[in-house]
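The values are calculated or read from the model by the stated rules, or taken from the named source; none is laboratory data. All of these numbers come straight from a predicted model, not from anything done at the bench. Cβ: placed from backbone, ideal geometry, glycine included. Neighbour counts: every protein chain shown. Protein only, heavy atoms only, side chains kept; ligands, DNA and RNA dropped before computing areas. Shrake-Rupley method; radii C 1.70, N 1.55, O 1.52, S 1.80 Å.
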Amino acid sequence: MILLRALVAAAAVLAAGCATVTPQPQAVTTETNANWDRQQAAIVALLEWDLSGRFAIRTDQQTASANLRWIRTSTQDRIYLFGMLGGGKVQLEVAPESVVLRDATGQEYSGARVSEVLYRATGWHVPFESLGSWLRGIPAATEEIQSIEITEDGKLRRLSQSGWDIDYREFMTVGSLTLPKKINMIAQSQTVQTLVEAGQLQGDQLSIRFFVESWGGPVSSQEMDQ
């Protein structure tokens, strides 16, 4: 496997408390770059979807799991979590400047960021702000990339971004696209430390495993309300 690595700037490395490492040149073929460019272009064009799957979260203290349905349209996201913490359906409606969560009892939570609202309602951290890109197999466009590894055929293998290390274990074919199926995510030590200091996490581990069962195309307003 030929790997393409983007290394962190020295200042970012020092800020994270790590020793500076001199970047070593990597042999990257023109074909690998071309494959990656094609893969990104195809995935970026996937702007609306109906994703179904499940995920499991683990810390030093406890674990939780949920089934996931994520519908994205041109105007909003609607995210359904089934069985979170053993409860019923949690529904998130995400507009450009607001998030509203309704839990199984009908209680509502609102805010500006999905991850913050979800934590207040469930006590769990899931970085939904970047997941729309990560679950499609591309880096989040608005966040700095710490490191990245690409396979020779142009798929994302590993990514470090936004305080998380993401490992792509398996892909599947969806029409003309190749999209992730199994993804492991581990919060970096600085992310864990920040959450611990805020009183939002105990221990030194936070990891999430995603299993995507299916990718569907755009849905109607009636289907979203089902």
Original post:
Ser74 passes all but one of (1) closer than 16 Å to Asp103 by Cα; (2) of a type outside the set (Phe, Trp, Tyr); (3) surrounded by fewer than 17 Cβ atoms within 10 Å (Cβ to Cβ); which number fails?
Top reply: (1)
Original post:
Picking from Arg113, Arg157, Arg136, Arg102, which residue would you name as being of a type in the set (Lys, Arg) and in contact with a Ser or Thr (Cβ under 6 Å, 6 or more places away or on another chain)?
Top reply: Arg157
Subject >> Pairs, first more than 30 Å from Gly175 (Cβ to Cβ) in region 45-63, second part of a loop (DSSP other than H, G, I, E, B) and open to solvent by 30 Å² or more (accessible area, probe 1.4 Å), C-beta under 6 Å, six or more apart >> reply: Thr59/Gly203; Thr59/Gln205; Asp60/Gly203; Asp60/Gln205; Gln61/Gln202; Gln61/Gly203
Original post:
Hey, among the residues in region 34-64 that are among the polar types (S, T, N, Q) and loosely packed, with under 13 Cβ neighbours inside 10 Å, which one's nearest to Gly132 (Cα to Cα)?
Top reply: Thr63
Original post:
If you go through region 79-99 one residue at a time, do you hit one that is open to solvent by 30 Å² or more (accessible area, probe 1.4 Å), part of a loop (DSSP other than H, G, I, E, B), in contact (Cβ under 8 Å) with a residue 12 or more places away in the chain and closer than 29 Å to Thr151 by Cα?
Top reply: no
Subject >> Subset tally (residues that are touching a residue at least 24 places away in the same chain (Cβ under 8 Å) and under 24 Å from Trp49 (Cα atoms)) for region 165-195 >> reply: 15
